[in-house]
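The values are calculated or read from the model by the stated rules, or taken from the named source; none is laboratory data. Note that the coordinates shown come from a computational prediction; the quantities given were computed from them, not determined experimentally. Cβ atoms come from the backbone with ideal geometry, glycine included; neighbour counts cover every protein chain shown. Accessible surface areas use protein heavy atoms only, side chains included; no ligands, DNA or RNA. Shrake-Rupley method; radii C 1.70, N 1.55, O 1.52, S 1.80 Å.
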Amino acid sequence: MLESFIVKPNLPVGRVSLAAVPAGERKIIRALEGHHIAALALECCYALPAPVQGHTDMMLNHLGGSRVLISPHNQENVDRLMGRGFSVKFISESLTDNYPGDALLDSLIINHSCFFHEKATAQEIKDYCELNNILLYPVKQGYIKCSVCIVDEASFITSDSGIAAAGTRAGFNVLEISTGHIMLPGYEYGFIGGCSGLLAPDLLAFTGDITKHPDYISIRDFAGRRQVKLVSLTSDPLKDIGSIIPLMEIPLGESTQTVRSEKTIENVVDEESVI
């Protein structure tokens with residue numbers, strides 16, 4: 001199996017073979033394994049607020065290829081990334097349990113654009129974008145990756161009107177949906193980006209039953225116009241877990257084999273459905 005790093009962050013061109021998710025999300029890990037995707041299961045970062053200590057998009061930012069920015073709070077996560085061949089660099093600031101210090105890694109790089117918050121985004125992300133001719137678009141929302149569901153390199157879904165407006169100005173196709181309807185224990189609601197991730201260029205996964213979202217038809221049609229199908233990894237309500245972050249892939253058409261995630265888990269299986 002010819003496995004390679006995903007070159008453009010969040011945008012696989014083949015079938016995803018490795019994705020970062022929280023170690024505690026056993027159902028999601030088992031569902032991904034059912035799609036022949038290994039989970040790089042990240043342990044909690046206890047510097048973050050308790051409800052989001054396992055959220056992947058608050059603990060790392062994939063810059064593309066083997067390059068990953070991460071906070072140095074959890075050596076086990078660093079070891080797991082390096083064990084898969086990633087080049088890991090630390091941000092200079094420490095994550096904190098309050099805003100904006102909890103959102104340092106939660107910016108969004110998509111295609112040749114980066115949506116970021118002036119005060120909440122780690123300087124290393126801004127520096128990387130400037131050095132690599134990635135256009136920077138400031139927004140008022142600090143939890144950006146959480147807030148954006150990527151459909152393809154030119155299209156995304158969000159409930160944040162400020163991000164939607166910035167995306168439209170930057171030339172993206174944007175579907176703005178209603179706020180809420182996504183679980184995030186400890187908070188009033190979660191975000192659409194935090195409960196989703198691409199498993200292939202034409203397959204967008206959700207942590208729970210996307211058909212139960214009040215804007216499902218709009219989401220389905222928006223993705224469908226871009227030849228992207230939706231898959232519900234579980235029959236549970238949608239839950240913000242801090243995103244399913246694709247990291248490695250195999251070419252489309254390459255034969256699959258049994259995968260094993262980075263952390264041994266109990267055998268929890270749930271029904272899945274492709275929509």
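Give the number of residues within segment 4-20 that are open to solvent by 10 Å² or more (accessible area, probe 1.4 Å) and under 12 Å from S66 (Cα atoms).
Total satisfying the criteria: 4.
If a residue must be open to solvent by 40 Å² or more (accessible area, probe 1.4 Å), closer than 23 Å to L40 by Cα and free of Cβ contacts under 8 Å to residues at least 40 places away in the same chain, how many such residues does segment 84-111 contain?
3
I'd like to check something: does segment 176-193 contain any residue that is modelled with pLDDT of 95 or more, among the acidic types (D, E), surrounded by 20 or more Cβ atoms within 10 Å (Cβ to Cβ) and touching a helix residue (DSSP H, G or I) at 6+ places or on another chain (Cβ under 8 Å)?
no
So if I check each of K145, K140, which one is open to solvent by 10 Å² or more (accessible area, probe 1.4 Å), assigned to a loop (DSSP other than H, G, I, E, B), closer than 22 Å to T121 by Cα and touching a helix residue (DSSP H, G or I) at 6+ places or on another chain (Cβ under 6 Å)?
On the way: K145 fails: assigned to a loop (DSSP other than H, G, I, E, B).
Result of the check over K145, K140: K140.
Go through segment 148-175 and count every residue that is buried (at least 20 other Cβ atoms within 10 Å of the Cβ) and of a type in the set (D, E).
Within segment 148-175, residues that are buried (at least 20 other Cβ atoms within 10 Å of the Cβ) and of a type in the set (D, E) number 1.
Among the candidates D127, D106, D102, single out the residue that is in contact with a Pro (Cβ under 7 Å, 6 or more places away or on another chain) and modelled with pLDDT of 95 or more. Outline the logic, then answer.
On the way: D127 fails: in contact with a Pro (Cβ under 7 Å, 6 or more places away or on another chain); D106 fails: in contact with a Pro (Cβ under 7 Å, 6 or more places away or on another chain).
On inspection, the qualifying residue turns out to be D102.
Would you please name the residue that is nearest to T207 (Cα to Cα), looking only at residues in segment 121-137 that are open to solvent by 10 Å² or more (accessible area, probe 1.4 Å) and part of a loop (DSSP other than H, G, I, E, B)?
Initially, segment 121-137 is screened for residues open to solvent by 10 Å² or more (accessible area, probe 1.4 Å), giving 123-124, 126-128, 130-137.
With part of a loop (DSSP other than H, G, I, E, B) added as a condition, the list becomes 132-134.
Details: N132: 32, N133: 33, I134: 30 Å.
Out of the qualifying residues, it is I134.
Scan segment 242-254 and tell me whether some residue there is open to solvent by less than 40 Å² (accessible area, probe 1.4 Å), more than 23 Å from L81 (Cα to Cα) and not basic (K, R). Let's see the steps before the verdict.
Quick first cut of segment 242-254, residues open to solvent by less than 40 Å² (accessible area, probe 1.4 Å) only: 242-250.
Adding the requirement that they be more than 23 Å from L81 (Cα to Cα) leaves none.
Within segment 242-254 (the criterion being open to solvent by less than 40 Å² (accessible area, probe 1.4 Å), more than 23 Å from L81 (Cα to Cα) and not basic (K, R)), the answer is no, since none of the residues qualifies.
Select from segment 206-219 the residues that are in contact with a helix residue (DSSP H, G or I) (Cβ under 8 Å, 6 or more places away or on another chain) and closer than 17 Å to S155 by Cα and write down the one among them that is surrounded by the fewest Cβ atoms within 10 Å (Cβ to Cβ).
Among them, the one singled out is Y216.
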